[in-house]
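Chemist: I'd like to ask you about the structure that follows.
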Amino acid sequence: MASDLLTRLDMYQKLANLDDVDEIETIAVEFRDRFGELPEEVENLLYAVRIKILGSGTGIGAITTERNEIVITPFEGMRFEREKLDRMYFVGVSTGRFQIRIDTHQPGTDWRETLEKVVKGIV
């Protein structure tokens with residue numbers, strides 16, 4: 001039991017140290033090999049790590065939720081570049097210099113896919 005816990009902690013440590021999105025699938029395969037089908041919580045964790053890696057170096061200070069929206073804000077004292085934001089148009093996304101909002105209940109859209117596209121578009 002203790003060795004199983006140490007194995008899991010070791011794998012989560014690997015996940016925390018990733019800096020390349022391509023490595024996430026490698027870790028996911030390793031998780032599946034050792035523990036079977038991944039629960040939704042682990043899938044969500046892998047997605048969160050993916051967004052964190054994609055967002056590093058973009059000026060994103062926080063990604064939070066408010067009611068039915070995902071809110072992306074820059075680091076304090078920074079602004080999103082207007083030129084980059086003007087090139088982005090996604091259904092259910094409103095952009096500004098200090099916030100980007102994604103409507104998670106926009107019909108016909110997948111908020112996860114939209115969030116990933118927005119984060120990639122900020123780069």
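Chemist: Calculated from DSSP H runs of 4 or more alone, at -39500 (n - 2.57) each and per residue, what is the 222 nm mean residue ellipticity of the chain, nearest 500?
Modeler: -16000 deg cm²/dmol
Chemist: Excluding residues on the same chain fewer than 8 positions from LYS120, give the lysines whose Cα lies under 20 Å from its Cα.
Modeler: Within reach: LYS52, LYS84.
Chemist: Give, as ranges by residue number, the residues of the range 69-91 whose backbone N falls under 17 Å from the point 7 Å along Cα→Cβ of PHE98.
Modeler: Residues 71-82 fall inside that zone.
Chemist: Over all distinct alpha-carbon pairs, what is the Kirkwood Rh of the range 7-116 in angstrom?
Modeler: Its Kirkwood hydrodynamic radius stands at 15.6 Å.
Throughout, read-outs are computed from the coordinates displayed, never taken from laboratory work. Given the structure is predicted, the values throughout are model-derived calculations rather than measurements. Every residue, glycine among them, receives a Cβ derived from its backbone with ideal geometry; neighbour counts consider all protein chains shown.
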